[in-house]
Every structure is written in C-alpha cells, then in structure tokens.
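Structure first, then comments.
The values are calculated or read from the model by the stated rules, or taken from the named source; none is laboratory data. Being a predicted model, the structure only gives us computed values, none of them experimental. For neighbour counting, all protein chains shown are included, and Cβ atoms are generated from backbone atoms with ideal geometry for every residue, glycine included. These area figures cover heavy atoms from the full protein model, side chains too; ligands, DNA and RNA do not enter into them. Shrake-Rupley method; radii C 1.70, N 1.55, O 1.52, S 1.80 Å.
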Amino acid sequence: MFPELNNLLNISPDRAEQGKLTLLCDAKTDGSFLVHHFLSFYLRANCKVCFLALVQSFSHYNIVGQKLGVSLTVARERGQLVFLEGLKSSMDVFFQAHKEPHPLQFLREVNAGNLQPLFEFVREALKPVDNREPAWRCPVLLVDDLSLLLSLGVGAVAVLDFVHYCRATVCCEFKGNVVALVHDSGDGEDEENDILLNGLSHQSHLILRTEGLSTGFCRDVHGQLKILWRRPSQPTAQRDRSLIYQYKIQDKNVSFFAKGMSPAVL
Amino acid sequence: MTPSGSAPGETRRKSEMLDSLLAFGGLMLLRDSVEWEGRSLLKALIKKSALCGEQVHILGCEVSEEEFREGFTSDINNCLVYHDLFRDPLNWSKTGEALPGGPLGALTAMCRRTDPGPVTIALDSLSWLLLHLPCTTLCQNLHALSHQNSSLGDSSVQQVRVLGLLHEELHGPGPLGALSSLAQTEVILGGTVGQASAYILCRRPQQRPTHQTNWFSILPDFSLDVQEGPPVESQPHPDPHTSLVDPMTHLTFNLRLSKKEREAKDSLTLPFQFSSEKQQALLRPGQGQATSHVFYEPDAYDDLDQEDPDDDLDI
C-alpha cells in the first residue's frame, strides 16, 4: 500500500468506498505496482479478497506483499484471501478429473466463449456467509490481468460479460468492489484489446492509467499516472475529474509528484 | 426545474436545448466517449420527458436500477419503467429474474407496446446491444421501435421517441454509419477542459439537415445549464491538493509606488530624453570640441599597404 497514492485518491483503509469498479490500465510501462497496492490496501482494510492471479505465481505476490507489509499466506489461512493461481490451476484443468466445472474450464473448450465457471468461482468465494467466520468488511475482486484472457483465446465480449456479471454481483449485490488491470497496446492494432479496454472504461467509476514517458526511459521518473473519475456523485464536479502525476517506483514505496517536479531535477 | 435567481432569458435558453432535442420523435443517438460520458445528458432528457407527463421506458443494460434512479425525485421515478437487463442478461444466475428472451426478447416486447399516448424509450446502452446482437437485427428492431405509430396510420405526429446511448470507441465505422442513418437526431458529446459540449445534428424528412453546438453542464438535479460558448480560460485549473499561496508576499521589490516615490520618479530626466537645453548644449561649439583631435602614430613594424584594397573590384 502506497500512502501517497491513497492521498491522491482520497481513500484510506478505514474508509474504503463500496460498489465501485476501478480500472487499472498500463500503456508502454508496467502497471503491476497498482495491483500490489490494491491487494495490500484491501487486505489491510479487512476486506474479503478474491484474487484472480493469472500472471504471476503466489510466491511472487507474497514476496511483494511482504515488502508492503501484508502476508498473503496468513491472509489465505485466515480465509480472508481466496487466491486463484492461474499458472498452477491451468495444469489441473488438463491433468485432473473434476466433477464440477473448473474455473478455467474455457482452456479446454474449442472455441472459448464462456467465462461462466470463472464467475461462479468468484461468486462462491465472495458470497456472504453465516456468522461462523470472522466478519470481513466488504468483498473485493481483484484481477491481474484481463488482457491475458484475450491471449488465451477468449473474445473481448466474453470478458466484458464476465466483468459485467462480477459488477452486478460483487458491486451491486454484495456492495463490494472490483479492481482489474488491462494492458493498452496503444497502437490500435489489437482490436479485441481496444474493445475490452474501452468497454471497461465506460463501465468503471475510476480509471488509473499509467503511461511510460513519451521521451523514453528515465532513471528518476518512471512514468506518469492519469487519474480519471467517471460517474461522479455530483455531475457538476467535472472540473477536477482528471489529474496527472508522475511517479518513481522505489523499493518499498512509490513517490508521486506533479509533472516536471521530480526531486531529481529541482 | 431551473435554479431560482437566473435571468428569464437564460431560463429560456436552458430549456431550449432540451426542447429542441425532444421536439421530434424517432431515434436519437447520444454518442459519448470515455472522457465525456453521456448518461447524465440521457438522464436530463428522461427527466424532461417525465415532467412532460410522458411514460418513460428504460432498457437498462449497463448500470443497476438503483444507480440509474439515483438523483431523480420520487415523482419522476414513478414515471419510469425500468426493464432490468443488467442483473442477469445472459441467464447465468438461473434465478428466474432474467428478462425472457434475452436482449432481443426485451426489445421486441417493447415494440409490442399497446398503451396509447406519447412514450419515450431509453436504451442504456445501444453499445451493449450492438455487442450482443447482429447489427442488422438491432437496426430492424430499432426501426420497428421508432416507427410504431406509422403503422397505426398516424404518421404526422410521431409519438414514440427512442433515446439510444452509444459509446463511440467500441464500434467500427460500419455499425456507427448504419445507426446514424437510422437516427433523426444525433448528439455528439465532447468538450474542453471543464466544459461539456454537444454537437447536435438533426435530419428531418424533406428538410435540410441542421446542426449546432451547445456548451452545457448538468446540474446535480439533472437539469441543464447552457452556456454561451466555450470557457475563456483554457489553462488547467489549479491542483486542489496544493493550498493557494499569495505570490505577493515575500517580494524583494515593490509592486506599487507611494505618492512621494511617484513624484520623484516623474521629476527625473532620463538620459535618452531630449530637451531643448540639451540640444543647445550640443549645438554650441564648446571649448573642448574645437581642440579635440585624433592622433594616430603607426607602429614601427606596422605593415601599411599603400594600394587600394578594393582595386580589383572594378567599381
């Protein structure tokens, strides 16, 4: 969790908003630090988290989480974190027999058109339970990342439908949050990815877009973050809906500063 | 509907944009983008229709019913019939709450409306329908939807108005062109820094198409505030997170002069100012001027050339 980002977004683990879809998007840079931020943020906020980790292994997220002060192992043992490790369970789909449809069942289908089993997995994971378990605050779905589903052969509309159902269930029914990362190829050549990105942008309440610097690599400025609030509670609050900051990723923190105001050049 | 305290002319202008948009029936496209969302304008139009006493049907595919109804007063909410295609559009939940027949069934059910009187149908959004239905099917249904009363023999007054929200970036030029040829009115949303604009294109049968651009903002109660033109200040607004600092404090120089200082400044003659005394002093052949000469003694080893250096130029 990066306190400076919390300040920019005006959120804190004590008062996390509910019912929101946050879209993380990265263009010509790696935006995974935002995924780590929101993972540690919601674990600290005592939320029940379902993490669809399709890109990296559990130990990778765990090591980064420890740097940010949360232990994914403990959270998983406590039942706070439901972790779908895509790299491992994709093997299970092929080599183990299942009675119930596997969350990643689409990998076995010829024309992968349906992410319903994945949605069922999310709904089961985040469904409110009786009082036997300790009460978590609100359920949160975190996906890293949705573009990977396109690479695995799922169509953009199918991914949009999956997010639609997650939104209808997690955000509206369970009053929780959804956070998802999508890559932006930026050159407009990948039509499916553009449909996915634009479709999600229209659905989301908050868009965090990280971009590499147009001038190329820089040692002291790693990129810029564009914050766009959509669907503000007050329609007139259009004035400050969009903000741009530059950032530098450090070992355990990310520092944000106004454009051109890097401490290295001042 | 308009906030109190505004001038009468202003009030008239505010309602003009919505009135002109809602003056005719048929299909109206609201084309929005990620940066400039059009749902607020759709809700403003719905509010206006509801206040005119029309029945409003909404086919909601993108936001939940609670979120859509948020911000409307209860008497407006009573006029709205929400067809919920959001909660379970593909019948995955199998709870029986899904609309029968999916998106296509919902559309055709709206076509078979029997109650008389003017009606507004809002499709939130056409983009969702376009991603899930073939373009031709959707266009045929939209045509049937917006021309219902033509079949009743009363083609002079169109009583059905269809408002379709369309996210432009999601579709190629083909479907966009097909839909815009169906539409009587198109509203393309855009804007600059803090101000939304609507480019309105109207096509009426046997008339030249008209177009105009309006600058507006939408108030929290979904009424419209129409401005004269784009905002004058185009620089970005100051960052809300930095507190305002007065730049005039801690200056090393004065920005203003006191009366005494101003008098002293005015009485001073600057070196380049030309006065008659100065002129006289220059014209009078003074003592120093008459006796001044330039002495030049060449150095012993100076290489003095007697020839004209420009001799070869043949001037």
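Report in % the part of the accessible area of segment B:28-85 that belongs to carbon and sulfur, leaving out ligands and nucleic acids; probe 1.4 Å. It is 47 percent, rounded to a whole number.
At a threshold of 20 Å², the residues of segment A:170-212 that become less accessible to a 1.4 Å probe in the full protein assembly than in their chain on its own are A:Cys172, A:Ile195, A:Asn198, A:His202. With all protein chains kept in place, the per residue accessible area of chain A amounts to 45 square angstrom at a probe of 1.4 angstrom.
Within straight-line reach of B:Lys48, meaning a Cα separation under 21 Å, sit the following lysines at least 8 residues removed in sequence or on another chain: B:Lys14. Shape summary: chain A maps onto an equivalent ellipsoid whose semi-axes, from the alpha-carbon gyration tensor, are 29, 22, 19 Å in decreasing order. Annotation: A:Thr169 carries an accessible surface of approximately 10 Å², with a 1.4 Å probe and no ligand, DNA or RNA atoms counted. Every helix of 4 or more DSSP H residues in the protein assembly as shown counts as -39500 (n - 2.57), and over all residues that averages to -9000 deg cm²/dmol at 222 nm. How would you classify segment A:94-227 from its alpha-carbon gyration tensor, with a ≥ b ≥ c the square roots of the eigenvalues: rounded for a/c under 1.5, else prolate if a/b is greater than b/c, otherwise oblate? Oblate shape, in that a/c is at least 1.5 and b/c is the bigger or equal ratio. Shape summary: segment A:11-105 maps onto an equivalent ellipsoid whose semi-axes, from the alpha-carbon gyration tensor, are 25, 17, 14 Å in decreasing order.
Residue pairs exceeding 32 angstrom between C-alpha atoms, taken from B:Lys47/B:Lys94; A:Lys67/A:Lys127; A:Lys259/B:Lys265: B:Lys47/B:Lys94; A:Lys259/B:Lys265. What's the percent breakdown of Cα-Cα distances in segment B:10-227 across 10 Å bins, shortest bin first? Distribution as computed: 8, 35, 39, 16, 2, 0 percent. What FRET efficiency comes out for B:Glu261 versus B:Leu282 if R0 is 41 angstrom and r is the Cβ-Cβ distance? Round to the nearest 0.05. The computed FRET efficiency comes out at 0.80. Charges were assigned to the Cβ only: +1 to each Lys and Arg, -1 to each Asp and Glu. The resulting dipole of segment A:1-119 about its Cα centre is roughly 180 debye.
Put one equal scatterer on each alpha carbon of the protein assembly as shown, apply the Debye formula with no solvent term, and list log10 I(q)/I(0) at q = 0.05, 0.06, 0.10 1/Å to two decimals. Results for the protein assembly as shown at q = 0.05, 0.06, 0.10 Å⁻¹ read -0.33, -0.43, -0.94. Taking the 1.4 Å solvent-accessible surface of chain A as the whole, the part contributed by carbon and sulfur is 50%.
For the chain pair A and B, buried accessible area totals roughly 3200 Å², probe 1.4 Å, rounded to the nearest 100.
Which FRET efficiency value, to the nearest 0.05, is calculated for A:Thr215 and B:Thr192 with the Förster distance at 22 angstrom and r the Cβ-Cβ distance? Efficiency, rounded to the nearest 0.05: 0.30. Please work out the C-alpha center-to-center distance from segment A:1-45 to segment A:183-204 and express it in whole Å. Cα centroid of segment A:1-45 versus Cα centroid of segment A:183-204: 21 Å apart. Loop-located GluC sites (Glu not before Pro) in segment A:101-161 (DSSP state other than H, G, I, E, B) with a sparse environment of at most 12 neighbouring Cβ atoms within 10 Å: A:Glu109. Averaged over the residues of A:86-94, the number of partner chain Cβ atoms lying within 10 Å of the residue Cβ comes to 0. For A:Arg108 and A:Lys252, the FRET efficiency from 1/(1 + (r/R0)^6), where r spans their Cβ atoms and R0 equals 51 Å, is about 0.80.
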